[in-house]
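Undergrad: Take a look at this one; I'll ask things after.
No lab work stands behind these numbers, since they all come straight from the coordinates. What you are looking at is a predicted structure, and each value in this text was computed from that prediction instead of being measured. Here the Cβ is made from the backbone with ideal geometry for all residues, glycine too, and neighbour counts use every protein chain on show.
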2 protein chains.
Amino acid sequence: MPNQDAVRAVLDQARADGRQSLNADEAKIVCDAYDIATPDEGIATNADLAGDIADDLGYPVVMKIVSPDILHKTDAGGVVVGVDSREGAMATFDQIIDSAKAYQADADIKGVQIQQQLEPTQEVIVGAVTDPSFGKLVAFGLGGILVEVLRDVTFRLAPTDADQAASMLDDIKGAEILDGVRGGAGVDRQAISTLIENVSRLVDDFPEISELDLNPVFATSDAATAVDARVLFDFDPPAPRFRPSHDDILAAMTRIMQPDAVAVIGASSGEGKIGNSVMKNLIDGGYAGEIYPIHPKETEILGRQCYASVTDVPGNIDIAIFCIPAAFVAATLKQCGEKKIPGAVLIPSGFAEVGEHEMQAEIVEVAHENNVRLMGPNIYGFYYTHKNLCATFCTPYDEKGKVALSSQSGGVGMAIIGFSRSAKMGVSAIVGLGNKADIDEDDLLTFFEQDPNTEVIAMHVEDLKDGRAFADVASRVSKKKPVVVLKAGRTSMGARAANSHTGALAGDDRVYDAVLKQSGVIRAQSLNDMLEFARGLQVLPTPKGENVLILTGAGGSGVLLSDACADNDLSLMSMPDDLDAAFREFIPPFGAAGNPVDITGGEPPTTYEATINLALNEDRIHSLVIGYWHTIITPPMVFAELCGRAVEEARAKGIDKPVVCSLVGDVEIEQACEYLMDRDILAYPYTAEKPVAVLGAKYRWARAAGLL
Amino acid sequence: MPNQDAVRAVLDQARADGRQSLNADEAKIVCDAYDIATPDEGIATNADLAGDIADDLGYPVVMKIVSPDILHKTDAGGVVVGVDSREGAMATFDQIIDSAKAYQADADIKGVQIQQQLEPTQEVIVGAVTDPSFGKLVAFGLGGILVEVLRDVTFRLAPTDADQAASMLDDIKGAEILDGVRGGAGVDRQAISTLIENVSRLVDDFPEISELDLNPVFATSDAATAVDARVLFDFDPPAPRFRPSHDDILAAMTRIMQPDAVAVIGASSGEGKIGNSVMKNLIDGGYAGEIYPIHPKETEILGRQCYASVTDVPGNIDIAIFCIPAAFVAATLKQCGEKKIPGAVLIPSGFAEVGEHEMQAEIVEVAHENNVRLMGPNIYGFYYTHKNLCATFCTPYDEKGKVALSSQSGGVGMAIIGFSRSAKMGVSAIVGLGNKADIDEDDLLTFFEQDPNTEVIAMHVEDLKDGRAFADVASRVSKKKPVVVLKAGRTSMGARAANSHTGALAGDDRVYDAVLKQSGVIRAQSLNDMLEFARGLQVLPTPKGENVLILTGAGGSGVLLSDACADNDLSLMSMPDDLDAAFREFIPPFGAAGNPVDITGGEPPTTYEATINLALNEDRIHSLVIGYWHTIITPPMVFAELCGRAVEEARAKGIDKPVVCSLVGDVEIEQACEYLMDRDILAYPYTAEKPVAVLGAKYRWARAAGLL
């Protein structure tokens, strides 16, 4: 058990002194308290004592200045290594003190630390940092130039468990190095992961520790010893964001997303007005619940009775859709509270996105006080197709399906709507999150998790206001349903100012990358990938194993498909002899069995059909990638029909494995792809990469969810 | 000047001895001859001599076994470092000899090499390897685990010039390390590049040196010293591939690609026969030259007089298109030779691709003897649109344009045809290369280089039979016209067996990557990228500078477009104050100038038009990326029309800078993209990445061609 009292005492003293970092001796107390191994050492206040301590430790020793005013000890001439005698230790003491004074005349010098000099097998770095969105993160990387130049480092949310900590050792590019290079011994992996776990627990237990560097940690074949520790703190952290309980979120979100009664505040009969478009979309979209137009003067709008205020409406209301200018929102929210409406959909812009931060803060406060959840502001609204609900000023959307999508930006939202319509992608919901003053991705995930109409969730994210909450919810939800995230702003984050090494390393996209991966989220690298993954993941069944087979009519396609499989971490099945023989029965002698199975370009439809059937009915093949080549003997629509038939026959027998197709040929293949897509078989023209990338996304999800 | 005689003598001796590698002392002679610095050293044959040599060199010294039978000296206990006294040197001599004998009792031991022990600032590796396709390559990487584990190494064709050698230092991931880390000194870049250049000249001068490792090279702030050298050779290299002269290639290829008279061997009236499809495509395609059907028995086919043999045809013939079985090809090729036909288009399959290597070798020999160039075999044929020539059994293709495409695989060829037709991509030629028994990519490049109808060349390549010839020609052609290459089989090459370090590192895709880059070729990573680059590069004018501006109606698109710019090495212009002020005149106060310029979503068409005009007319902006967002106030077609108008007006004024558009919105944006594409403005729906990737490809080309 860690000695929390010891750490508390050290931190209290530092706080009382008004310091922002710990001395070496204090850092050692902290390390000892959390079982973080450090070299044996002592602190000398004069040269004789330096000689005594060094004699006790044995030679060689390392000597370092101890001063709260000197953070960068090397720059101050405050570190000497390889001191190998008593005389040396005494002389070095004087030298270090002189250098430190020359570096900063008024520095408060506590003495010189004298440490055992260890011989590392490998230097590594373990650290912790506080991310404004994700909170405490623990970091691991290889030491020296590997971390400094190649930035080969990985992160996890703190605290980590033993498995997560151990996985960090495999997650860096130079992972092999830990197993030993040039015949040398490997490091003690267990010792390093325990160290990581202890550090993660320390920063979790003491939130005021804002940054921590153990750099270097000397890893040997039987230990991991923190040779230098830097601990920084922040005794005045920002207040945590308010989060309702899970049950409260779910109760409110369920009424918001599946409302039985909707009020339109600022409803209008005037063509072209937002309040008119929203009314029309609700009615034309076929929404069967109550629709209450709210307007101070009108009595009827689009055939519906109009009320002056939500408080005048006789029945319950689940959501109020705001189509009024920003300045009137706060006052109207109070009425929503009075009426006990759980959600307000804030279409109006004019808040934080145009610099009106105060006005946004005001509506958040009013909403919180009145127990109203806010969607937006600055959004297009949202769709929930299974209620025929188009709570938006955009066009109605009615292709029902199993994908829920959200976007932080209206532009991306429109791309989602257009793509979904064009690709005939059935959706359950499309939600604009805009400024995310209140409702954000984790609220949506909490709802979609239990929504029977949603099987895949795809989200466009620019920033996560509360990354920690997102990670918590996403980790749970992604075990049940694939969660795809397009994180925009990958490359523009720049490095944040930071006083620690770990802090500087955390200032870029790799924190998002590590946390999304840790949460089981499938990260899309582009808008188009997000959309295609959303469409494809709901269509593909979950594979039962890692064996992928490529079946192709064109050797050239087979090569491109193999490249794509490697790029997407898919395993080409190594072909068993009996199965190889079975395929060879159908293909010409000069065709290639093995994997890819190349049936060659001159083959009739029967060859395609026989080999596809063989692959579908063979249990050892878990996923099938088909590369069709347009020929006169097997034209595109003939292929599409036979392929569709084979898959449907297999499905009828209860065999449902992922099948993706790449079609190359003249323009007729576009129609063939459409035919296959209509039958829930993923098929793309003029590309080998796209179908395999979607299959790869399905595998990434299945692995992260523990299904493979 | 290198001392070639000294190297020749050493190699001759090794050859006479039947050895495949050099001893340390021989390697030193080779290094000295090419000004490759090595540590001072001597070879001791007894312990006393070891002491004398070490005394002369000064301590510490490194001692190494010298034996032609021991390649892996460390494994044999044959390397001891840090020997720091005469007594130590003498004892170490005995120890090394004992270890070597224990390792291999019958080893021929020449003595022990004693070297100065240098202190490197950084270890690097310089090497050379012989690639079966590219010939001699020189390699450079960082030493130690960086090269062994992270494989951080780069290649160039040997010999390199000074610039190419220097560029290798910037080409590795850890390039920064060479400038010094942790406040340390940087290396002597000039010394390293000179070393690379000398190595590259050495292996070029002596083709029998098959592999060479200088590992480690100790790089310091004023020198680069090869501490260990391994030299392997192959005195029996494969014969170089036959290459006609440039003028012969061009003369033959011009007649082949732009023929005035075509013979169809195996022409047929029988519906569904290849010889019938080819005849129809020639006639229906509108080919205006002479068409001579060749058939032993027919007198007329499709209204054209038929001949029994090409030798019976009265006039000249430029190409003979073969539509006969493989077995009859060789004999008919002889007749082509007799008739002095420069080219044979070999559609038939049944050669090397089905294992009939001998039959393929035979036709190559016959063709060579008879001075006939071969296209194929095993191809769909080719198209040359500006002659209305469809020399293929596929469908006619008639969208004339400036892109020439080739494919090694028929499947990919069909994808090219389908995509080109669907995307209305004008092409000059589409060529199937199939087995590449003779005509290959460099023959095509030689023709396209001077073809006035071709401005962009895109090639699908599985292997380059003569990578060196390709690189030579591509380096020249890519200076004039963009050359795009999709190299299939990226990930399946695996590591080749090799005896040297450099050899093992060369056994993967990074050789292709480095050589294609060195040749100024734009590498496409996917089939779809190749096709989109081909379409886009001919449309985009060459940018006059690096300044890219993003102009967007949706902040969210701006973020995605910025990500894409960073991914594609594009420089977002930093906005000058005066220009910022000029944009601000048109956009709302809460819009963002800077870059991206965010005009915000509520703006009317006039704002789009004014800001686009400003960007087009501003000389400091070299390329424009537009992110359109579908709104009611500026619908998609309204945007398309104003954007088209602005660009066309600018073009009329002689302003032609690259403009690419990303359109997000409902399905109407698809029509808007088509409208813009028809006006040679690249526009894509539902993606931020594709337009920027194409712009990035144009920049890559312009930089490599020295135009930026």
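Undergrad: Hey, can you grab everything whose amide H is under 5 Å from the amide H of B:Asp69? Only 5+ residues off in sequence or another chain; H modelled, so Pro and N-termini drop out.
TA: Amide H to amide H, under 5 Å and 5 or more residues apart or across chains, B:Asp69 pairs with B:Asp108.
Undergrad: Can you list the copy-to-copy distances for B:Asn3, using a point 7 angstrom from Cα toward Cβ, in nanometres, shortest first?
TA: Once sorted, the set of distances for B:Asn3 reads 7.0 nm.
Undergrad: Could you give the distance between the Cα centres of the stretch A:207-250 and the stretch B:649-697, to the whole Å?
TA: So the separation of the two Cα centres works out to 47 Å.
Undergrad: So, one more: Quick query: amide H of A:Asp466 versus all other amide H atoms, modeled in the peptide plane; which residues come in under 5 Å with a sequence gap of 5 or more or a different chain?
TA: none
Undergrad: Going by how many other Cβ atoms sit within 10 Å of their own, how do A:Ser221, A:Ser623 line up, fewest first? Don't jump to the answer; show the numbers that get you there.
TA: Working: A:Ser221 13, A:Ser623 26.
By the 10 Å Cβ count, ascending: A:Ser221, A:Ser623.
Undergrad: Explain nothing, just compute: Karplus ³J(HN,Hα) = 6.51 cos²θ - 1.76 cosθ + 1.60, θ = phi - 60°, for every residue of the stretch A:250-259 in order, whole Hz, x for Gly and Pro.
TA: 5, 4, 5, 5, 5, 5, 5, 7, 10, x
Undergrad: Got a sec to turn the phi values of the stretch B:660-673 into Karplus ³J(HN,Hα) couplings, 6.51 cos²θ - 1.76 cosθ + 1.60 with θ = phi - 60°, whole Hz, x for Gly and Pro?
TA: Running phi through 6.51 cos²θ - 1.76 cosθ + 1.60 with θ = phi - 60° gives 10, 10, 10, 10, 10, x, 6, 4, 4, 5, 5, 5, 5, 4 Hz.
Undergrad: Which percent, nearest 5, of DSSP beta bridges in the protein assembly as shown are antiparallel? Don't skip to the answer; put the middle values down first.
TA: Numbers: 104 of 214 bridges.
Percent antiparallel among DSSP bridges in the protein assembly as shown is about 50.
Undergrad: Got a sec? Which residues in the stretch B:68-92 would a label at B:Asp25 touch, if it sits 7 Å along Cα→Cβ and we count backbone N under 15 Å?
TA: The answer is B:68-69, whose backbone nitrogens lie closer than 15 Å to the label point.
Undergrad: If you don't mind, another one. Sequence-distant or interchain residues sharing an amide H contact under 5 Å with B:Gly627, placed H: which?
TA: HN-HN under 5 Å from B:Gly627: B:Leu551, B:Thr552, B:Gly553, B:Ser662.
Undergrad: Using each residue's phi in the stretch A:58-69, evaluate 6.51 cos²θ - 1.76 cosθ + 1.60 at θ = phi - 60° and report the 3J(HN,Hα) Karplus result to the nearest Hz, with x for Gly and Pro.
TA: Ordered by residue, 3J(HN,Hα) equals x, 9, x, 10, 10, 10, 9, 5, 10, 7, x, 8 Hz.
Undergrad: If the reach is capped at under 18 angstrom between alpha carbons, list the aspartates and glutamates near A:Lys653, excluding any in the same chain fewer than eight residues apart.
TA: A:Glu609, A:Glu618, A:Asp619, A:Asp680
Undergrad: Starting at 0 and stepping by 20 Å, how many percent of the alpha carbon pairs of the protein assembly as shown end up in each bin?
TA: Each 20 Å bin holds this share of Cα pairs: 9, 30, 36, 20, 5, 0.
Undergrad: Taking each label point as 7 Å beyond Cα in the direction of the beta carbon, state the distances from B:Phe242 to the same residue in the other copies, shortest first, in nm.
TA: So the label point of B:Phe242 gives 8.6 nm to the other copies.
Undergrad: Considering only chain A, what is the antiparallel percent among its DSSP beta bridges, to the nearest 5?
TA: Values: 52 of 107 bridges.
So the antiparallel bridges amount to about 50 percent of the total.
Undergrad: Scan the stretch B:250-319 for trypsin sites (Lys or Arg not before Pro) in coil per DSSP, keeping those whose Cβ has at most 15 other Cβ atoms within 10 Å, and list them by number.
TA: Working: sites: B:Arg255, B:Lys273, B:Lys280, B:Lys297, B:Arg304; in loops: B:Lys273, B:Lys297.
For trypsin sites (Lys or Arg not before Pro) across the stretch B:250-319 that sit outside H, G, I, E and B with at most 15 neighbouring Cβ atoms in 10 Å, the list reads B:Lys273, B:Lys297.
Undergrad: Once you put a point 7 Å from the Cα of A:Lys653 and another 7 Å from the Cα of A:Asp236, both along the Cβ direction, what distance in nm separates them?
TA: 7.2
Undergrad: Where does the charge balance sit around B:Thr606 when Lys and Arg score +1, Asp and Glu -1, over other residues with C-beta under 14 Å from its C-beta? All intermediate terms of the calculation are to be shown ahead of the outcome.
TA: Values: positive: B:Arg645; negative: B:Glu585, B:Glu603, B:Glu609, B:Glu641.
So the environment of B:Thr606 carries a net charge of -3.
Undergrad: Among residues other than A:Leu616 whose Cβ falls under 15 Å from its Cβ, what is the net charge (Lys/Arg +1, Asp/Glu -1)? Before the final figure, lay out each step's value.
TA: On the way: positive: A:Lys544, A:Arg620, A:Arg645, A:Arg651, A:Lys653, A:Lys657, A:Arg679; negative: A:Glu609, A:Glu618, A:Asp619, A:Glu648, A:Glu649, A:Asp656, A:Asp680.
Residues near A:Leu616 contribute 0 overall.
Undergrad: Which lysines, if any, have their Cα less than 16 Å from the Cα of A:Lys28, not counting same-chain residues under 8 positions apart?
TA: The qualifying lysines are A:Lys64, A:Lys110.
Undergrad: For a bin width of 5 Å, list the pair-distance distribution of the stretch A:412-483 built from all Cα-Cα distances, rounded to whole %.
TA: 3, 15, 27, 23, 20, 10, 2, 0
Undergrad: Mean residue ellipticity at 222 nm from the helices of chain A, using -39,500 (n - 2.57) per DSSP H segment of n ≥ 4 over the full residue count, to the nearest 500 deg cm²/dmol? Numbers along the way, then the final one.
TA: On the way: 23 runs with 269 residues, N = 708.
Result for chain A: -11500 deg cm²/dmol, rounded to the nearest 500.
Undergrad: Between the label point of A:His72 and that of the same position in each other copy, find the distances and list them shortest first in nm, with every label point placed 7 Å from Cα along the Cα-to-C-beta direction.
TA: 4.5
Undergrad: If you don't mind, there's one more thing I want to ask. Once each part is reduced to its C-alpha centroid, what is the distance from the stretch A:315-382 to the stretch A:510-529 in angstrom?
TA: With the stretch A:315-382 and the stretch A:510-529 each reduced to a Cα centre, they are spaced 31 Å.
Undergrad: Return the whole-Å distance between the Cα centroid of the stretch A:275-290 and the Cα centroid of the stretch A:251-273.
TA: 8
Undergrad: Right, something else. Which chymotrypsin sites (Phe, Trp or Tyr not before Pro) in the stretch A:229-275 pass both tests, a DSSP loop state and at most 10 other beta-carbon atoms within 10 Å? Please report the intermediate quantities before stating the final value.
TA: Details: sites: A:Phe233, A:Phe235, A:Phe242; in loops: A:Phe235, A:Phe242.
Qualifying residues, ordered by number: A:Phe242.
Undergrad: Which of A:Lys273/A:Lys481; A:Lys424/B:Lys173; A:Lys424/B:Lys690 have a Cα-Cα distance over 32 Å? List each step's numbers first, then the result.
TA: On the way: A:Lys273/A:Lys481 38 Å; A:Lys424/B:Lys173 43 Å; A:Lys424/B:Lys690 22 Å.
Where the Cα-Cα span goes over 32 Å, the pairs concerned are A:Lys273/A:Lys481; A:Lys424/B:Lys173.
Undergrad: Can you compute the label reach from A:His368? Point 7 Å from Cα along the Cβ direction, backbone N cut-off under 12 Å, restricted to the stretch A:232-246.
TA: Output list for this probe position: A:239-244.
Undergrad: Identify the trypsin sites (Lys or Arg not before Pro) of the stretch B:133-223 meeting these criteria: DSSP loop state and at most 16 other C-beta atoms within 10 Å of the C-beta. Let's see the in-between values first.
TA: On the way: sites: B:Lys136, B:Arg151, B:Arg156, B:Lys173, B:Arg182, B:Arg189, B:Arg201; in loops: B:Arg151, B:Lys173, B:Arg182.
Sites meeting the loop and neighbour criteria: B:Arg151, B:Arg182.
Undergrad: Using only Cα atoms, what is the ratio of the radius of gyration of the stretch B:543-704 to 2.2 N^0.38 Å? Each step should come with its number before you reach the end.
TA: Numbers: Rg = 14.1 Å, N = 162, 2.2 N^0.38 = 15.2 Å.
My calculation over the Cα atoms of the stretch B:543-704 gives 0.93.
Undergrad: Mind pulling the per residue volume of the convex hull built on the Cα atoms of the stretch B:399-539? Å³ is fine.
TA: Numbers: hull volume 14.4 nm³, N = 141.
Given the Cα convex hull of the stretch B:399-539, per-residue volume reads 102 Å³.
Undergrad: Okay, next question. Under a Cβ-only charge scheme (Lys and Arg +1, Asp and Glu -1), can you give me the dipole magnitude of the stretch A:156-235 about the Cα centre, in debye to the nearest 20? Could the numbers behind the result be given before it?
TA: Details: 6 positive and 16 negative charges, 59 e Å.
For the stretch A:156-235, the charge dipole is close to 280 debye.
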